[in-house]
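The values are calculated or read from the model by the stated rules, or taken from the named source; none is laboratory data. Note that the structure is predicted; figures quoted are calculated from it, not measured. In this analysis, Cβ positions are derived from the backbone assuming ideal geometry, glycine residues included, and neighbour counts consider all displayed protein chains. These area figures cover heavy atoms from the full protein model, side chains too; ligands, DNA and RNA do not enter into them. Shrake-Rupley method; radii C 1.70, N 1.55, O 1.52, S 1.80 Å.
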Amino acid sequence: MRKIVQSNWFFAWMLLLPAAFVMIAIRLWPLVQGVGLSFTNRQLGAHVPYNFVGLDNFRALLTDTVYWDAMWFTVIYTFSTVIIAYFTGLIVALLMNMHMKYGRGVFRSLLMIPWIIPGVVAAYVWRFSLNDQVGIINVMLQTLGITSEPIPFLATAYWARISVIVTNAWGNYPFMALVLLAGLQNVSEEIKEAARIDGANAVQVFRYVVWPQLKGVTAMCTTLVFIWTFNSFDHIFLLTSGGPARATNVVSIHAYFTSFSRMNVGYAATMATTMLVFMLFVTVIYMRIIRGKDD
């Protein structure tokens, strides 16, 4: 026992245990509890009795058209946001990686603004800016003669979906840009110079020299933004509340209304559990693809 207590691994575990208990209390236990609720008919209320119903909630999901419509838009919303934010961030990162004699610090500081603005503030600013009557975007479009009448950005299904995707990508592209910029700065200048000496142009240098060395940071930043967006609730809730006519309804918002408006906590937990399973599945497959390409 004395040897165990005096060993390095025992000391390391003693240091880790307080943080581990905190993580279990605020992360693991709510997760286990949520998954457990998905197998019950729990209703919202402190003393409302509930029973174990097995897979009944999951079977009900199979025929829930509202849920599948929300899941379909959640997938479109997530992948569209990741793609737009990634390529916008890549372009910005390439620009910031160029030699700038003046203003580099100011430019990088301005880049951070969309990312550091609180989500609630950003959503309300966008909601006002996209208003079809007094919004600054419609005012500018009509003043410049681009449109002859206001565009109902948040009032029609088509424009509302585009609006929530673009505005969410706007909030995430600075993170992509910073991570990709760090990756670009780790690319050896000697390797790029050797490629130029061999006759490669700028596009070929990026395609065959720079791009392969960005796969690691690309996998990391796109996976994180995928998880954040798929779980996102506040942005769409504050911008459109899932409307109009459920056009921007995502699974997180559908689960929220199911739990707190319909009082069906068990069924809402089932939706959250399916989100967890889907997210784990996609993330594992994506990381395997990236790892296979690196190998």
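Which members of the stretch 125-147 meet the condition of being open to solvent by less than 50 Å² (accessible area, probe 1.4 Å) and among the hydroxyl-bearing types (Ser, Thr, Tyr)? Selection gives Ser129, Thr147.
Would you pick out the residues in the stretch 1-45 that are in a loop (DSSP other than H, G, I, E, B) and over 30 Å from Gly266 (Cβ atoms)?
Listed by number, the residues that qualify are Met1, Ser7.
Across the stretch 253-293, the qualifying residues are those that are of a type in the set (Gly, Ala, Ser) and free of Cβ contacts under 8 Å to residues at least 24 places away in the same chain, and the one among them that is surrounded by the fewest Cβ atoms within 10 Å (Cβ to Cβ) is Gly292. Among the residues of the stretch 123-156, the ones that are touching a helix residue (DSSP H, G or I) at 6+ places or on another chain (Cβ under 6 Å) and in a helix (DSSP H, G or I) come to 6 in all. Checking each residue in the stretch 91-122 for being part of a helix (DSSP H, G or I), under 17 Å from Ala169 (Cβ atoms) and within 17 Å of the chain's Cα centre (by Cα) picks out Pro114, Trp115, Ile116, Gly119, Ala122. Against the list (1) farther than 30 Å from Arg59 by Cβ; (2) at pLDDT below 90; (3) open to solvent by 80 Å² or more (accessible area, probe 1.4 Å), the condition Trp228 fails is (2).
Conditions tested, residue by residue: (1) within 26 Å of Asn57 (Cβ to Cβ); (2) in contact with a Phe, Trp or Tyr (Cβ under 9 Å, 6 or more places away or on another chain).
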{"site": "Pro212", "(1), (2)": "no, no"}
{"site": "Ile236", "(1), (2)": "yes, yes"}
{"site": "Ala255", "(1), (2)": "yes, yes"}
{"site": "Asn264", "(1), (2)": "yes, no"}
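Per the listing Ala122, Ala155, the residue uniquely in contact with a Ser or Thr (Cβ under 9 Å, 6 or more places away or on another chain), of a type in the set (A, V, I, L, M, F, W, C) and closer than 30 Å to Ser241 by Cα is Ala122.
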